[in-house]
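Below: the structure, in structure tokens.
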Amino acid sequence: MAYPATSPARRWSLFWLLVAITLVVNLPIILMVMNSFQTTEQLVSRTSILPHDLTLANYRYLNERTSFWQFLWNSFTVSGVSTVTSAAIAALAGYALSRFRGRLVTGYSRALFVVQMFPIILALIPLFILFRTLGLINSPLSVIILYTVVHLPFATWMARAFFDTIPRELEDAALVDGCSRFGAFVRIVLPLSGPGLAAIGIFSFLFSYNEFFVANVFLKDQSAMTLPVGITMFMQQYSTDWGSLMAAATLTVVPTFILFLGIQKWITYGAVSGGVKG
């Protein structure tokens, strides 16, 4: 069946409509980037929505007089370690849920649902007391442990969904050829589940990179703060350094923007494929 061709005028109308919608949706981000080139005094006294007399003073201030790059390094460290840890554990747990049956496996599967429904905020006070006793307050390890635990239920179910799509006959053939169960998992299943593990890593990294509440509770020293917590230092009780805040927020968005450009297809793939089975 042949579909009628869309006229050039209709195509251009749809194009400009999509451009307008995109600009409206991203207007806060666009204004944030533009305002990052204005000092706080200029922002307060400005009467128009568009900035003028652009300056790099805010970025020089961040580089020379703040610990922004330390915050960025802490965020990458915490996010990277928690992502790798949760992805590795989720791969093993997801494979067990996908390939084995039994009361223990069924009980663990059901326990994941219970853990996933339990909000971490309810356990923050006892966890704070526990980590204080262990000397982990102001240590990235405390946040890494919590992020890993929070990621695991969702990551495990995503991993199981991906492993379910891999035919078991491939593993059986490897077992016949002399591979052990773990060898078949490492050599056959794990390489084929690369897109799924990439999607799990992406979701875990973005959560850890953007999380504020847990990091704000356990990381109090400036040398240990992550970006979401460190940026709040620009907001004081009676005043806010809006210029530096806009510049810091802009630089914070840049890594995630680059990440999205590089792995956008994996995010879509993970969101669609991970919801097929469970």
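The values are calculated or read from the model by the stated rules, or taken from the named source; none is laboratory data. Computed from a prediction, not measured in an experiment: that's the story for all the values here. Note that we place each Cβ from the backbone using ideal geometry, even for glycine, and neighbour counts take in every protein chain shown.
Observations on the model:
- Residue pairs whose Cβ atoms lie under 8 Å apart, separated by 6 or more positions or on different chains, with the first residue in region 189-203 and at pLDDT 80 or above and the second hydroxyl-bearing (S, T, Y) and surrounded by 22 or more Cβ atoms within 10 Å (Cβ to Cβ), are V189/Y95; I200/S86; G201/T83.
- With respect to (1) within 30 Å of P140 (Cβ to Cβ); (2) under 25 Å from the mean Cα position of the chain (by Cα), the lone exception for Y61 is condition (2).
- Residues considered: V19, V33. Of these, the only one that is in contact (Cβ under 8 Å) with a residue 40 or more places away in the chain, in a helix (DSSP H, G or I) and under 28 Å from the mean Cα position of the chain (by Cα) is V33.
- Of the residues making up region 97-118, those that are under 23 Å from the mean Cα position of the chain (by Cα), part of a helix (DSSP H, G or I) and over 21 Å from T165 (Cα atoms) are F113, V114, V115, Q116, M117.
- No other residue among A111, A96 is farther than 30 Å from F234 by Cβ, surrounded by 15 or more Cβ atoms within 10 Å (Cβ to Cβ) and in the same structural domain as F163 (by TED's automatic domain parsing) apart from A96.
- One residue stands out in region 139-189 among those that are of a type in the set (D, E) and surrounded by fewer than 18 Cβ atoms within 10 Å (Cβ to Cβ): the one that is nearest to Q116 (Cα to Cα), namely D164.
- Region 212-242, subset at pLDDT 90 or above, part of a loop (DSSP other than H, G, I, E, B) and of a type outside the set (A, V, I, L, M), residue surrounded by the most Cβ atoms within 10 Å (Cβ to Cβ): T226
- Neighbours by Cβ (under 6 Å, 6+ apart or cross-chain): first from region 159-180, touching a residue at least 12 places away in the same chain (Cβ under 8 Å) and at negative phi; second part of a helix (DSSP H, G or I) and among the hydroxyl-bearing types (S, T, Y): R160/S98; F163/Y95; F163/S98; D164/S98
- Any chance I121 is part of a helix (DSSP H, G or I) and over 18 Å from the mean Cα position of the chain (by Cα): yes
- Condition check for A184: part of a helix (DSSP H, G or I) and in contact with an Asp or Glu (Cβ under 7 Å, 6 or more places away or on another chain): yes
- Unmet requirement for P51, which otherwise passes all of (1) more than 19 Å from T232 (Cα to Cα); (2) within 23 Å of the chain's Cα centre (by Cα): (2)
Residue by residue, here is whether (1) outside the structural domain of T250 (by TED's automatic domain parsing); (2) touching a Pro at 6+ places or on another chain (Cβ under 7 Å); (3) over 21 Å from L251 (Cα atoms) holds:
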site	(1), (2), (3)
W16	yes, no, yes
L27	yes, no, no
Q38	yes, yes, no
L43	yes, no, no
T47	yes, no, yes
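- For L192: the one exception among (1) surrounded by fewer than 21 Cβ atoms within 10 Å (Cβ to Cβ); (2) of a type in the set (A, V, I, L, M); (3) under 27 Å from A111 (Cα atoms): (3)
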